[in-house]
Structure formats: C-alpha cells, structure tokens
Amino acid sequence: MSLSPPGPTLYASWEALADGLQIQRLALHLPQLREQLLTPPSDVALFLQTSPSALTACPAVLAEPVTGAVIDGAGLAHWLRLPAEYGTADAGTNPLAPGADQVGDTLLEGVTDPVVRAAVAAVCAASAWWVGAFAVIRHLGVHHASLQPVSTAVTLETLKSATSIVALGTAQRILAEHLRTVVADESVRLSYCRAIVESITVESTLPSLLDKLGELRLVDLVSTSIPWRGRFTKYAGGTGAGQVE
C-alpha cells in the first residue's frame, strides 16, 4: 500500500540524520567555541595562520524570502540560520570563503535563474563557516577512529579542500531539490550534472583528506556532505560519537 504523501527514502533519512548530527555537535560545543574566540590558545598552529574569529566570520545575510524557501525545501535552513546566529562580525574575510565561492561559480556557469544562483551561493558561503567553526575547536576533539585526543595539527590548505567538498555537497542538494520541484531550464540540469561529475572526481581524494582532518566533527561533516560509497557507512554500522558526546 502506498503512503500518501510518500514517506522519505532511506537515503533521505540518513541525510536527515547527518544534518541533525551537525546541529547537535554545534549546540553541544558552543561554550567551547565561544571560549576559543575569546582567548585563542597560542600553541595551536592553525591560529598562527589565521584567527578563530576570521574562520567563524558571519556570511552575508540572505535577503530574498523566495531564496530562503528554496533552501528550506532542500532541508538546509539550519545551514544558514546557525552561522547567522553564531557567526562573528570579524572585519577580516574568512580564508575558507574564496574556495567555497569558487565552487558555486563553477557550478553556476551559464545559469541565469536568480533564485538558484542566490541559493547556491548562500549555502556555499555558509559551508566555509561550518568548516571554520569546527576547525576552531578541532584541537579539543578526538580522532574519528581511535576516539583519542587529537595530537596532530591541521593546515589551512587541508581546511580549504574540506570546505570545497562541503560546499559542493550543499550546492548539489539545492540543485537536486530545484530539479525535483520546478520545471527547470537546461542550464540548471547541466549545473547539477557538473556537481555529480565533480563528486565522482573528488571521491578518490576523500580517504586521504579525512585522514589529514583526523578529528571526529570535521571528518563527519566532510564525509557526509557529498554522495560517495563511504558516506553513511559509519552510521549504518554504529558510531562512537555517542561515547564521546
């Protein structure tokens, strides 16, 4: 017997679980994030390259309600709401933002629909904040496999690579939702195809990148952002995150 309205697919359910995990992580570690912003430790190598307040700089505010509706339809309302609420008003630019913006520019080549362009640009910009926020508290976390305190440093270049992948995944979700609910023109279909091809291309780089990131929150944020063979493996088999948090 068919459901009316249809229930979510298994894939959509795993995706919702991953979204909830990121929100939970942020809520649980807000005190740590605030502490690092107020008194950045001098012995964290990352903070010699950039400041915590720059990494968590608030993205531009989304102006058009119709764009917000598209983002909400893709299940990404939280993706913009939380950076707007907890982002810093740092005068400097988030060093992760240019890479995220470049992903949006590449995917949107030839797309003229202003709503699609604004929605993709917004979620890409927010991706830089999410990676930056978890990077600020990375040294207080644990390794995703051993659950032991993280002892290795992470470079800004590694975080830039992570941001590009997260931005790619969130942009793909916007494009997929638009194609599913709206009679879109060919340029949006081509944009979605570019996102799929890029996801396949970067899949081979993910294991190495996740190893460099090391820390549980960043690894989960990146590994669940794009479709790939290992996306929900950890959650299907059980995760050690609950033991830590």
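The values are calculated or read from the model by the stated rules, or taken from the named source; none is laboratory data. Just so you know, these numbers come straight off a predicted model, no measurement behind them. Please note: Cβ atoms are built from the backbone with ideal geometry, for glycine as well, and neighbour counts cover all protein chains shown. In case anyone asks, the SASA skips ligands and DNA or RNA and just uses the protein heavy atoms, side chains included. Shrake-Rupley method; radii C 1.70, N 1.55, O 1.52, S 1.80 Å.
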Residue check, residue 85 among the acidic types (Asp, Glu) and free of Cβ contacts under 8 Å to residues at least 40 places away in the same chain: yes
Of all residues in the stretch 174-215 being over 30 Å from residue 159 (Cβ atoms) and of a type in the set (S, T, N, Q), the one that is surrounded by the fewest Cβ atoms within 10 Å (Cβ to Cβ): 181
Single residue of 85, 64 found to be charged (D, E, K, R) and either in contact with a Leu (Cβ under 8 Å, 6 or more places away or on another chain) or more than 25 Å from residue 139 (Cβ to Cβ) (or both): 64
Filtered residues of the stretch 45-61 (kept if under 19 Å from the mean Cα position of the chain (by Cα), open to solvent by 60 Å² or more (accessible area, probe 1.4 Å) and touching a residue at least 40 places away in the same chain (Cβ under 8 Å)): 60
So residue 85, is it charged (D, E, K, R), within 18 Å of residue 126 (Cβ to Cβ) and modelled with pLDDT under 90: no
Residues of the stretch 13-44 that turn out to be buried (at least 18 other Cβ atoms within 10 Å of the Cβ), closer than 15 Å to residue 137 by Cβ and of a type outside the set (A, V, I, L, M), as a count: 4
Of residues in the stretch 111-162 being at pLDDT 95 or above and charged (D, E, K, R), the one nearest to the chain's Cα centre (by Cα): 160
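For every residue, the table says whether it meets (1) modelled with pLDDT of 90 or more; (2) part of a helix (DSSP H, G or I); (3) of a type in the set (Val, Ile, Thr).
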| position | (1), (2), (3) |
| --- | --- |
| 34 | yes, yes, no |
| 44 | yes, no, yes |
| 53 | yes, yes, no |
| 61 | no, no, yes |
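Is there a residue being among the hydroxyl-bearing types (Ser, Thr, Tyr), open to solvent by 20 Å² or more (accessible area, probe 1.4 Å) and at pLDDT below 95 anywhere in the stretch 218-229?
no
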